[in-house]
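Take a look at the structure set out below.
The values are calculated or read from the model by the stated rules, or taken from the named source; none is laboratory data. Everything numeric in this text was worked out from a predicted model, so none of it was measured. Here the Cβ positions follow ideal geometry from the backbone for every residue, glycine too, while neighbour counts run over all protein chains shown.
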Amino acid sequence: MRSTTRNPVYNARNPPMRISVGFSGAAWLVLIVLLQAGTARAEDWQAPAGQLAKRIAGITGPGAVSITIVNRSSLTAADTDEIHRRLISELAAYGVQASASDQAASTLQVSLSENLQNYLWVAEIHQGTSEPVVIMISVPGAVEGPTRSSAPLSIRKSLLWSSDNRMLDVAVISGNPAHMIVLEPEKLGLYGMQNGNWQQEQSLAIVHVRPWPRDLRGRLMLRKDHLFDAYLPGVYCRSSTTTPLSVSCNDSDDPWPMTGSPGDPRAFFASTRNFFTGALSPGIQKQTTAPAFYTAAPLPRNEYTLWVFAALDGRIHFLDGMTDQTFPQLSWGSDIASVRSGCGPGWQILTTTNGDGPADEVRAFEILDRQPAPVSGPAEFQGPITALWTDSDLSGVIAVSHNSETGKYEAYRLSIDCHQ
């Protein structure tokens, strides 16, 4: 179903000079300027560190505190270390001493985040069995715009299957020969590659008691101990471990996996609708709920994972385990998926358009300094995108579209070309 507004809904996108000894005057000048810039930068953190320390001390009182700093922003390691030193120094002025965790009366974790305009410092204080206390301060800062990849990327689009029947998801199993699973509303098709063409080997019925919702969605996940799982609204199907394959389907309200990684969050799907409720199990660190959403995509960082949600409220949300940033100005559709390409920072987000035309397109974005930047031209489709899921190995994305010219459903695998 496509939107008639711009709000995302599900499936609505000089000659050289020799110097004999030492630095030249210009070199000394550059060095002095760099040193002065570093000093000015350090002084930028003095006031906010003092402000945060005063509020923390008002909660903990004098005593020993275990302090941890987690950088979830674009600040450098040097900036993070400087903020850490400034905070410890400011806390000491109030009688709060940094200590090892086994000797501390309180524990303090400070997360450094940011939005489009400012930095956001979040302090979480734990004292005994009491409920944690959270303090937040906004720190002015010129967050520079994102740096794009050195070369533009492109999206490779490979047709997997075309059918008159509606497709919800497709999974390709590498091997010799390769195999493919096609998830339809009433059946699962199993195909083998023979002489360069897919040939059907089995068809397995999907048993369900309740009627499907109008905007039906489904998800395939490949598994190691059996071939696959299939998730549909209110129904969970599991394949057998032996061939010929069979499948057992049961009513289920269990959460759907958001990725193929076992430790990643799962999300509960509204069984009579076409979206996720926002309840997560497990959560994203301390965040156990997200806004109700259509799709979500992870972007792993060095110390945490940034999750991107295309929410029902028409906005894009970034959750990092502590904060929820929103981006209402992004003209993304309701389908997003991440891909591990190895290009640039290693991961990209593929998004559908958010328009009113008869066809969709998909673009790649990178999220640098918490600001999305387009890094590819569009991959165009002859109709609306009806599904966009990251495949099980995270290296590609399955896109299903409904061709407006032929009426057929077409499943494509999308991947990233680096142009390196």
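Structure summary
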{"item": "Selection from the stretch 271-309 of residues that are part of a strand (DSSP E or B) and within 17 Å of GLU366 (Cβ to Cβ)", "result": "ALA297, PRO298, LEU299, PRO300, THR305, LEU306, TRP307, VAL308"}
{"item": "Residues located in the stretch 304-322, provided they are more than 14 Å from the chain's Cα centre (by Cα) and closer than 30 Å to ILE137 by Cβ", "result": "ASP313, GLY314, ARG315, MET322"}
{"item": "Counted residues, the stretch 91-129 - those being touching a helix residue (DSSP H, G or I) at 6+ places or on another chain (Cβ under 9 Å) and in a strand (DSSP E or B)", "result": "13"}
{"item": "Residue within the stretch 376-388 that is closer than 19 Å to THR259 by Cβ, at pLDDT below 95 and surrounded by 18 or more Cβ atoms within 10 Å (Cβ to Cβ) present", "result": "no"}
{"item": "Positions within the stretch 173-190 being under 24 Å from ASN250 (Cα atoms) and assigned to a strand (DSSP E or B), in sequence order", "result": "MET180, ILE181, VAL182, LEU183, LYS187, LEU188, GLY189, LEU190"}
{"item": "Those residues of the stretch 202-250 which are surrounded by 17 or more Cβ atoms within 10 Å (Cβ to Cβ) and among the small types (Gly, Ala, Ser), in sequence order", "result": "GLY218, ALA230, GLY234, SER239"}
{"item": "Count of the stretch 391-415 residues which are within 15 Å of ARG156 (Cβ to Cβ) and within 20 Å of the chain's Cα centre (by Cα)", "result": "9"}
{"item": "Near pairs, Cβ below 6 angstrom, 6+ apart or cross-chain, from the stretch 252-274 (outside the structural domain of ASP320 (by TED's automatic domain parsing) and closer than 26 Å to VAL209 by Cβ) to any residue that is at pLDDT below 95 and not hydroxyl-bearing (Ser, Thr, Tyr)", "result": "none"}
{"item": "Positions within the stretch 133-146 being exposed (fewer than 14 other Cβ atoms within 10 Å of the Cβ) and modelled with pLDDT under 80, in sequence order", "result": "ALA142, GLU144, GLY145"}
{"item": "Qualifying residue in the stretch 234-252 (condition: of a type in the set (Lys, Arg) and not in a loop (DSSP other than H, G, I, E, B))", "result": "yes"}
{"item": "Filter result (within 22 Å of ILE398 (Cα to Cα) and over 27 Å from the mean Cα position of the chain (by Cα)) within the stretch 239-255", "result": "SER239"}
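A quick yes/no check of all residues on (1) at pLDDT below 90; (2) outside any helix (DSSP H, G or I); (3) surrounded by 17 or more Cβ atoms within 10 Å (Cβ to Cβ); (4) on the phi > 0 side of the Ramachandran plot:
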| position | (1), (2), (3), (4) |
| --- | --- |
| ALA37 | yes, no, no, no |
| VAL65 | no, yes, yes, no |
| VAL70 | yes, yes, yes, no |
| SER74 | yes, yes, yes, no |
| SER89 | no, no, no, no |
| GLU131 | yes, yes, no, no |
